[in-house]
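One structure is given below, encoded as structure tokens.
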Amino acid sequence: MPQKPIVYDAPTPEPRAVTVEALQAEILEKLTYSIGKDPIVARRHDWLAATIYAVRDRIMDRWMESSRDTWRTSNKRVYYLSLEFLIGRLMRDAMSNVGLMDTVREALNNLNVELDDLIDLEPDAALGNGGLGRLAACFMESMSTLQIPAYGYGIRYAHGLFRQEMSEGWQVELPEDWLAHGNPWEFERRESAYEIGFGGHVEPVTDPDGTLRQEWRPNDHLLAVAYDTPIVGWRGARVNTLRLWSAQPIDPILLDKFNSGDHIGALEESSRAEAITRVLYPADATVAGQELRLRQEFFFSSASLQDIVRRHLQQYGDLGSLPDKVAVQLNDTHPAIAIAEMMRILVDLNGMRWAEAWKLTRGVFSYTNHTLLPEALESWPVALLERLLPRHMQIIYAINADVLTEARQRAKFDDQQIANVSLIDEHGGRRVRMGQLAFVGSHSINGVSALHTELMKQTVFADLHKLYPERINNKTNGITPRRWLMQCNPGLTRLITERIGPDFLDDIDKLRGLDAHADDPTFQEQFARVKTVKKARLAKLIKDRLGVTVSEGALFDVQIKRIHEYKRQLLNIIQAVAAYDEIRAHPEKDWVPRVKVFAGKAAPSYWNAKLIIKLINDVGKVINNDPAVRGLLKVVFLPNYNVSVAEIIVPAADLSEQISTAGMEASGTGNMKFMANGAITIGTMDGANVEMHKEVGADNIVIFGLSTEQVAEKRAKSEVPRAAIDRSPRLKEALDSIASGVFSPDDPNRYRDLIGGLYDHDWFMVARDFDSYSAAQRQVDALWLDRARWNRMAIHNTARVGFFSSDRTIRQYAEDIWGLAIANQ
Ligand code: 26V
């Protein structure tokens, strides 16, 4: 049936009323007619779903208006392709952004339901591992806020990141089940389903006009079905769509098999298809390398591109205008296969000439790199790609031939340089390097902090940068101030509003106005009081979860992030052990009471990371129970870190630990969340810390440690770290006690190898940065004792966080990469 033309001014229903009475009536109505529950027997989950349905209706009007607007204005659309979206809970975010918090709270109150209980009940959508996935979520919110017509494309994993529990201090992983109670936010779009192929062969065919084409004939097919979630911008400015794909079989059941009695075999195709979107890969810094992962990558890339091209053709009817109307941002290399898929769609399916297709493709795509760690750079064996995606492998070879020819002829590259820019890695078995593919197929390649972008130019992409010097650019990460200040810290938001008025809510740079109040003792007092309330809340969580009592008067020293050796939780806990030794040796000194808070997940197969968790727990058990410490030091590890837990911990932090080995943390975004909430950063000159140091000024941050250059130098010289240990009796004492089993009497050798590594190679410079870190911690103590000084620093941190808003980041993407004009607001 031919598609009906779109009528932009077709009738729409009356928008829903937003009074307390209307909401109250509607929540009841949803409970009865949508959930099918009598209010007298309804459970809390029923109330939650009913409330979400009522709020959702108030978003629908704006959602539809946003889509109409994009069709009507023919503006360029942005597509953010990401294998991860760590969005967390949506209800508070949505209510707060459309200004319905108080109304809904009152409506529920009248029904004897407490809004905060419902908020805590909503599952935390953990469709991501860490920084990369959370960045995608902040970007989605900022794109809606800035009224950019944008779509997020990803996977609707049935199971997000595993739940972490502790068993005798060890991490154990349990399956996560965020869809168990259904998901009232999503809309299944059966009509938007696409066929995805795998395997098979490529057949050359000659068209009637004599042209030769390659045709891929996959032997394995499944369906990608769309699920849409609305993403609301600040003040409901715009509602964009997060479209997540779910894999389904083409035939739900093989009837012939079933009828012949093979009941399991009849469902085989179904479970094989569904396996693709069953679970998120839980590693974020080592490539998984499994076939299923490549299937996930192609599955969502292909579905997204088919959707994009269909929408474009429906509106514009020709593909030549793609780069004018479509910008596709690749979040890391995970969707890089989309470049080859786009070429296949243009050349094989639409008969476009290769050179023309390549120009369009490069005009459409841009790529963000998020890590330079060699073990996290994706590459796939040629044999695997050939088997799963034979036509894409041919296309990759053809792209490579063009690039290498250009490198030889135009840039006069030598053999080594050719090897560096080649899409094919020849070391060991041949592999396709996805970073190189993403680079050559994009008009823009960006890093996520100034330092990281420089390192991209100097290391992994040095020769590609020589070949295409105008492509690499920097877009320092950001965070959405809505979730990470206004929603998670309403007390602070209120205080700021009282002081400088509400303008900062719409223009975050206005927070600068706080600078002028940083010396005001009354304001300092108020600022500190807000912090104390948040600390009391965290203290309660610690008590409830761990049974450990901590005082809200202590300095809350926080390191929360994925557990990784380069992030150096080990450095932090060794310093805690050294402090423990000092406190016992010098009970007469004026010690600053501290609570060291850790949280984060380790990749299930990352042994050292899991061992570090166990060490933190072992150390905590000893220190927290030693009467000689007199409560001056506590060490706690909060299990199952996720977005919702972060929203409680971040506003309660006094000190933010951002202590990665210089050159290794691409940006960090946790650092920015703490800054917004008035924590002082102790950190290395790494990632976005460098820019934070610049924004906040040297007086308002505590920097320590080796620089990127010094780290590189020491590594190049293969310098043995022993000298650093011999020079530092405090470090030596701490290492000896850990290695000899003081904290692991049940297994004295548990940490021998972990600590041994510090003597041996110390790749992450834990030993060599220790003294500098300890000195920095003493400096923190001194600052804390001068409370006026501390509070002033804290206020300056909040005041100067504006640069780290993801609105700023997205504006820069829009202007420099996507070629969009942003309305000034
Ligand atoms: C790699 C892999 C390998 C296969 C298994 C699953 C998986 C998932 C993610 C990754 C790449 C992780 C890269 C990453 O998360 N980078 C972080 O990106 C943040 C946002 O830009 C940045 O702030 C962090 O510094 C950076 O580590």
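Give the residues of segment 72-91 that are within 16 Å of the ligand (Cβ to nearest atom) and not in a strand (DSSP E or B), sorted by residue number.
Listed by number, the residues that qualify are Ser82, Leu83, Glu84.
Might you check whether a residue that is of a type in the set (Gly, Ala, Ser) and over 22 Å from Ala247 (Cα atoms) occurs anywhere in segment 290-312? Even if it seems obvious, please write down each step before you answer.
First pass over segment 290-312, keeping only residues of a type in the set (Gly, Ala, Ser): 301-304.
After this cut, where a residue has to be over 22 Å from Ala247 (Cα atoms) as well, the list is none.
Among the residues of segment 290-312, not one is of a type in the set (Gly, Ala, Ser) and over 22 Å from Ala247 (Cα atoms), which makes the answer no.
Name every residue in segment 181-197 that is assigned to a strand (DSSP E or B) and of a type in the set (D, E, K, R), in order of residue number. It would help to see each step written out before you state the result.
Filtering segment 181-197 down to residues assigned to a strand (DSSP E or B) leaves 187-197.
Correct list: Glu188, Arg189, Arg190, Glu191, Glu195.
Conditions: (1) in a helix (DSSP H, G or I); (2) under 23 Å from Leu146 (Cβ atoms); (3) in contact with a Ser or Thr (Cβ under 8 Å, 6 or more places away or on another chain). Leu492 meets all but one. Number of the miss?
(2)
Only one of these conditions is not met by Glu173: (1) touching a Pro at 6+ places or on another chain (Cβ under 7 Å); (2) open to solvent by less than 30 Å² (accessible area, probe 1.4 Å). Which number is it?
(2)
Could you tell me whether Arg16 is out of contact with any Phe, Trp or Tyr (no Cβ under 6 Å at 6 or more places or on another chain), among the charged types (D, E, K, R) and either open to solvent by less than 20 Å² (accessible area, probe 1.4 Å) or touching a residue at least 60 places away in the same chain (Cβ under 8 Å) (or both)?
Details: out of contact with any Phe, Trp or Tyr (no Cβ under 6 Å at 6 or more places or on another chain): yes; among the charged types (D, E, K, R): yes; either open to solvent by less than 20 Å² (accessible area, probe 1.4 Å) or touching a residue at least 60 places away in the same chain (Cβ under 8 Å) (or both): no.
No, not satisfied.
Would it be correct to say that Tyr316 is away from the ligand (no atom under 16 Å from the Cβ) and open to solvent by 10 Å² or more (accessible area, probe 1.4 Å)?
On the way: away from the ligand (no atom under 16 Å from the Cβ): yes; open to solvent by 10 Å² or more (accessible area, probe 1.4 Å): yes.
In short, yes.
Mind checking which residues of segment 54-107 are among the charged types (D, E, K, R) and within 30 Å of Thr333 (Cβ to Cβ)? Before the answer, list the steps.
So the first thing to find is which residues in segment 54-107 are among the charged types (D, E, K, R), and the list is 56-58, 61-62, 65, 68-69, 72, 76-77, 84, 89, 92-93, 102, 105-106.
Hits for segment 54-107 are Lys76, Arg77, Glu84, Arg89, Asp93.
What's the number of the condition Lys76 fails, among (1) among the basic types (Lys, Arg); (2) under 30 Å from Pro39 (Cβ atoms); (3) within 27 Å of the chain's Cα centre (by Cα)?
All conditions are met except number (2).
Looking at Asp61, Asp38, Asp46, Asp93, which one is at pLDDT below 95 and out of contact with any strand residue (DSSP E or B) (no Cβ under 6 Å at 6 or more places or on another chain)?
Asp61
In this structure, is Ile308 in contact (Cβ under 8 Å) with a residue 60 or more places away in the chain, of a type outside the set (Asp, Glu) and more than 16 Å from the ligand (Cβ to nearest atom)? Steps first, answer last, please.
Working: in contact (Cβ under 8 Å) with a residue 60 or more places away in the chain: yes; of a type outside the set (Asp, Glu): yes; more than 16 Å from the ligand (Cβ to nearest atom): yes.
So Ile308 fits the description; yes.
Select from segment 68-90 the residues that are surrounded by 16 or more Cβ atoms within 10 Å (Cβ to Cβ) and at pLDDT below 95 and list them in ascending order.
Hits for segment 68-90 are Arg68, Thr70.
Given the criteria buried (at least 21 other Cβ atoms within 10 Å of the Cβ), away from the ligand (no atom under 16 Å from the Cβ) and either in a helix (DSSP H, G or I) or free of Cβ contacts under 8 Å to residues at least 12 places away in the same chain (or both), does Met393 qualify?
Values: buried (at least 21 other Cβ atoms within 10 Å of the Cβ): no; away from the ligand (no atom under 16 Å from the Cβ): yes; either in a helix (DSSP H, G or I) or free of Cβ contacts under 8 Å to residues at least 12 places away in the same chain (or both): yes.
Here the answer is no, as Met393 does not meet what is asked.
Just to be sure I understand, how many residues within segment 96-118 are assigned to a helix (DSSP H, G or I) and open to solvent by 20 Å² or more (accessible area, probe 1.4 Å)? Lay out the reasoning, then the answer.
Initially, segment 96-118 is screened for residues assigned to a helix (DSSP H, G or I), giving 96-97, 101-110, 115-118.
Add one more test, that the residue is open to solvent by 20 Å² or more (accessible area, probe 1.4 Å), and what stays is 96, 101-103, 105-106, 109-110, 116-117.
Total satisfying the criteria: 10.
So which residues in segment 157-170 are open to solvent by 10 Å² or more (accessible area, probe 1.4 Å) and assigned to a strand (DSSP E or B)?
His159, Arg163, Glu165, Met166, Ser167, Trp170
Every residue, every condition in (1) under 18 Å from Ala376 (Cβ atoms); (2) open to solvent by 60 Å² or more (accessible area, probe 1.4 Å); (3) within 16 Å of the ligand (Cβ to nearest atom), yes or no:
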position: Glu268; (1), (2), (3): no, yes, no
position: Ala273; (1), (2), (3): no, no, no
position: Arg293; (1), (2), (3): yes, no, yes
position: Glu297; (1), (2), (3): yes, no, yes
position: Ser304; (1), (2), (3): no, no, no
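For segment 198-221, which positions are within 34 Å of the chain's Cα centre (by Cα), assigned to a strand (DSSP E or B) and free of Cβ contacts under 8 Å to residues at least 60 places away in the same chain?
So the first thing to find is which residues in segment 198-221 are within 34 Å of the chain's Cα centre (by Cα), and the list is 198-199, 218, 220-221.
With assigned to a strand (DSSP E or B) added as a condition, the list becomes 198, 220-221.
Correct list: Asp220, His221.
Condition first: buried (at least 24 other Cβ atoms within 10 Å of the Cβ) and among the polar types (S, T, N, Q). Now tell me which residues in segment 682-706 satisfy that.
Listed by number, the residues that qualify are Thr684, Asn689.
Only one residue in Arg56, Arg68, Arg89 is over 29 Å from the mean Cα position of the chain (by Cα) and closer than 17 Å to Val232 by Cα, so which one is that?
The conditions single out Arg68.
What number of residues within segment 332-384 satisfy the criterion of being part of a helix (DSSP H, G or I) and away from the ligand (no atom under 16 Å from the Cβ)? If you could, list the steps in order and put the result at the bottom.
To start, the set of residues in segment 332-384 that are part of a helix (DSSP H, G or I) comprises 337-349, 354-364, 374-376, 382-384.
Retained after the next criterion (residues that are away from the ligand (no atom under 16 Å from the Cβ)): 338-349, 354-364, 382-383.
Going through segment 332-384 one residue at a time, the tally reaches 25.
Residues checked against (1) within 19 Å of the chain's Cα centre (by Cα); (2) crowded, with 24+ Cβ neighbours inside 10 Å; (3) within 15 Å of the ligand (Cβ to nearest atom):
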residue	(1), (2), (3)
Asn640	yes, no, no
Ser644	yes, no, no
Ala653	no, yes, no
Ser656	yes, yes, yes
Ala666	yes, yes, yes
Met672	yes, yes, yes
Met675	yes, yes, yes
Gly678	no, yes, no
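Show the residue pairs meeting these rules: Cβ distance below 9 Å; 6+ apart or different chains; first residue within segment 442-460 and touching a residue at least 60 places away in the same chain (Cβ under 8 Å) and among the hydrophobic types (A, V, I, L, M, F, W, C); second residue away from the ligand (no atom under 13 Å from the Cβ) and part of a strand (DSSP E or B).
If the second residue must be away from the ligand (no atom under 13 Å from the Cβ) and part of a strand (DSSP E or B), the pairs left are Ile445/Ser366; Ile445/Ile472; Ile445/Asn473; Met456/Ile445; Met456/Ile472.
Scan segment 417-434 residue by residue and report those that are closer than 23 Å to Gly131 by Cα and open to solvent by less than 10 Å² (accessible area, probe 1.4 Å).
Pass one, segment 417-434, residues closer than 23 Å to Gly131 by Cα: 433-434.
Met434, the sole residue that qualifies.
Out of curiosity, is Asp506 away from the ligand (no atom under 16 Å from the Cβ), surrounded by fewer than 22 Cβ atoms within 10 Å (Cβ to Cβ) and under 18 Å from Thr809 (Cβ atoms)?
Details: away from the ligand (no atom under 16 Å from the Cβ): yes; surrounded by fewer than 22 Cβ atoms within 10 Å (Cβ to Cβ): yes; under 18 Å from Thr809 (Cβ atoms): yes.
It is true that Asp506 is away from the ligand (no atom under 16 Å from the Cβ), surrounded by fewer than 22 Cβ atoms within 10 Å (Cβ to Cβ) and under 18 Å from Thr809 (Cβ atoms).
From Asp618, Asp590, which residue is in a loop (DSSP other than H, G, I, E, B) and touching a residue at least 60 places away in the same chain (Cβ under 8 Å)?
Working: Asp618 fails: in a loop (DSSP other than H, G, I, E, B).
Only one candidate qualifies: Asp590.
Among the residues of segment 707-729, is any part of a helix (DSSP H, G or I), open to solvent by 60 Å² or more (accessible area, probe 1.4 Å) and in contact (Cβ under 8 Å) with a residue 60 or more places away in the chain?
The answer is no; no qualifying residue exists.
Would you mind stating whether Gly429 is closer than 22 Å to Pro374 by Cβ, touching a residue at least 40 places away in the same chain (Cβ under 8 Å) and not in a helix (DSSP H, G or I)?
Details: closer than 22 Å to Pro374 by Cβ: yes; touching a residue at least 40 places away in the same chain (Cβ under 8 Å): yes; not in a helix (DSSP H, G or I): yes.
Against the criterion (closer than 22 Å to Pro374 by Cβ, touching a residue at least 40 places away in the same chain (Cβ under 8 Å) and not in a helix (DSSP H, G or I)), Gly429 qualifies.
The values are calculated or read from the model by the stated rules, or taken from the named source; none is laboratory data. Note that the coordinates shown come from a computational prediction; the quantities given were computed from them, not determined experimentally. All Cβ positions, even for glycine, are placed from backbone atoms using ideal geometry, and neighbour counts span all protein chains on display. Ligands, DNA and RNA are excluded from the accessible area calculation, which covers all protein heavy atoms including side chains. Shrake-Rupley method; radii C 1.70, N 1.55, O 1.52, S 1.80 Å.
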